[in-house]
1. Roughly what would the spin-label model give for Glu193 and Leu278, points 7 Å off Cα along C-beta, in nm?
2. Which ordering of Asp226, Asp168 is given by a fewest-first count of other beta-carbon atoms within 10 Å?
3. Using +1 at the C-beta of Lys and Arg and -1 at the C-beta of Asp and Glu, which of Ile142, Asn18, Phe314 has the Cα lying farthest in the positive direction of the dipole of the chain?
4. Using a 10 Å cut-off around each Cβ, can you sort Cys225, Cys78, Cys250 from fewest to most neighbouring Cβ atoms?
5. To the nearest 10 degrees, how steep is helix 189-198 against the longest Cα principal axis of the chain, on a 0 to 90 scale?
6. Quick one: net charge around Tyr222, please, counting Lys, Arg +1 and Asp, Glu -1 for every other residue with C-beta under 9 Å from its C-beta.
7. Relative to the longest principal Cα axis of the chain, at what angle does helix 279-290 sit, 0 to 90 degrees, rounded to 10?
8. Taking H as built 1.01 Å from N, whose amide H comes closer than 5 Å to the amide H of Tyr222, not counting residues under 5 places away?
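Values in this text are rule-based calculations from the coordinates and carry no lab data. Here the structure is a predicted model, which is why all the values come from computation and not from measurement. All Cβ positions, even for glycine, are placed from backbone atoms using ideal geometry, and neighbour counts span all protein chains on display.
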Amino acid sequence: MKSFVELGVSPELVKGLNELNIINPTEIQSKVIPVLLEEGGDIVAQAQTGTGKTAAYGLPLLNTTDPSNKKIQALILCPTRELGKQVAKQLFKFTKYASKIFTEAVYGGEKIDIQIAALKRPTQIVVATPGRLIDLVNRKAIDLSEVKTIVLDEADEMLSMGFKSELDQILRFLTKVENKWLFSATIPHGIKEIVSQHMSADAHRIEVNIRNVVNKNITHQYVICDEKQKLFVLLQFLKSEHKNRGVIFCKTKAAAQKLSKQMIAKNMEVDALHGDLLQKERDKVMRAFKNHSLRVLVATDVAARGIDVKGLTFVVHYQLPESDEYYTHRSGRTARAGAHGTSLCLVDTSQVKTLRKYERILGIGFKEIKPT
């Protein structure tokens with residue numbers, strides 16, 4: 001395994017990485033960084049969540065950005081404000097000992113005037129959610145004329161959140177872009193369309209663990225129980241996990257709210273994250289979860305997009321997701337950065353065939369756990 005310096009990352013950036021305890025490159029970083037530094041151009045990289053994709057594209061981006069040019073040179077698109085803020089924060093930390101490169105995050109749910117004012121300062125990299133970027137372009141409040149690189153981070157998540165037309169629009173008006181870098185855990189039909197319409201025919205293709213898009217460090221389990229037994233089974237599982245933390249997934253807002261109330265009634269430190277929350281309410285829930293005031297988060301699929309909280313040891317599928325892609329994203333909340341985790345499905349007998357389908361498509365194995 002090569003070191004970051006051997007991959008071509010500048011010593012100043014490596015010094016920043018060392019301080020963050022990022023010593024050895026992950027597989028995706030080892031494969032992507034040399035290609036982006038030496039050749040540039042377009043790239044389609046498929047790797048599961050939690051494998052270090054931000055550094056895989058972020059380090060080459062920082063390495064090739066000109067600090068003396070105060071214009072925006074790179075654009076990173078993310079599905080959610082949480083992921084956008086997190087990416088901007090990481091890039092800032094990477095450059096602690098390097099020439100200052102200024103990154104600004106812009107996203108919905110916050111006053112656009114504040115973000116417009118921030119963009120008037122020297123800014124070389126912008127991290128944006130698609131809708132807010134289009135708003136800024138329409139207001140002529142952002143200058144993208146010198147953007148050389150665009151990154152689509154968690155591209156499949158942006159697609160499943162309904163941003164396909166926004167992505168098409170953005171890619172159409174960035175005609176002078178030299179490098180298009182797409183990162184995705186899965187490559188559904190919509191992603192293939194974006195690649196064929198907007199990316200070079202000879203784009204580099206990099207795949208990591210393609211047979212196992214779900215993290216190898218996740219143990220997949222299921223318990224057969226009917227609807228009436230689910231809450232009891234869930235509480236027994238949480239008891240067996242002692243003080244470990246995780247996310248419980250429901251398919252609907254109503255189910256997430258109901259389960260959260262039921263768990264609070266059992267004195268659990270829990271709150272719900274769903275689409276009906278105002279942004280300030282959502283931020284409050286996420287703050288409480290990140291600072292360990294909450295042990296468990298009950299979430300819907302869309303509400304949980306972009307969540308990256310360290311040290312989560314389990315994910316529970318209280319209701320099975322709509323698709324195997326959603327299963328990949330849900331499970332990816334645990335076992336991040338080399339840690340181990342559990343993904344537990346609560347199913348009735350008729351749903352076991354869905355788990356068999358996941359096994360086939362995702363290359364994983366489920367173990368049945370008998371309720372105690």
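1. So the label points at Glu193 and Leu278 sit 3.6 nm apart.
2. Details: Asp226 11, Asp168 14.
Placing the least packed residue first, the sequence is Asp226, Asp168.
3. It is Phe314.
4. Values: Cys225 17, Cys78 28, Cys250 24.
In order of increasing Cβ crowding within 10 Å: Cys225, Cys250, Cys78.
5. That helix lies at roughly 0 degrees to the long axis.
6. Details: positive: Lys367; negative: Glu368.
Here the count lands on 0.
7. Orientation of helix 279-290: about 70 degrees from the principal axis.
8. Sorted by chain and number, the residues that satisfy this are Cys345, Lys367, Glu368, Ile369.
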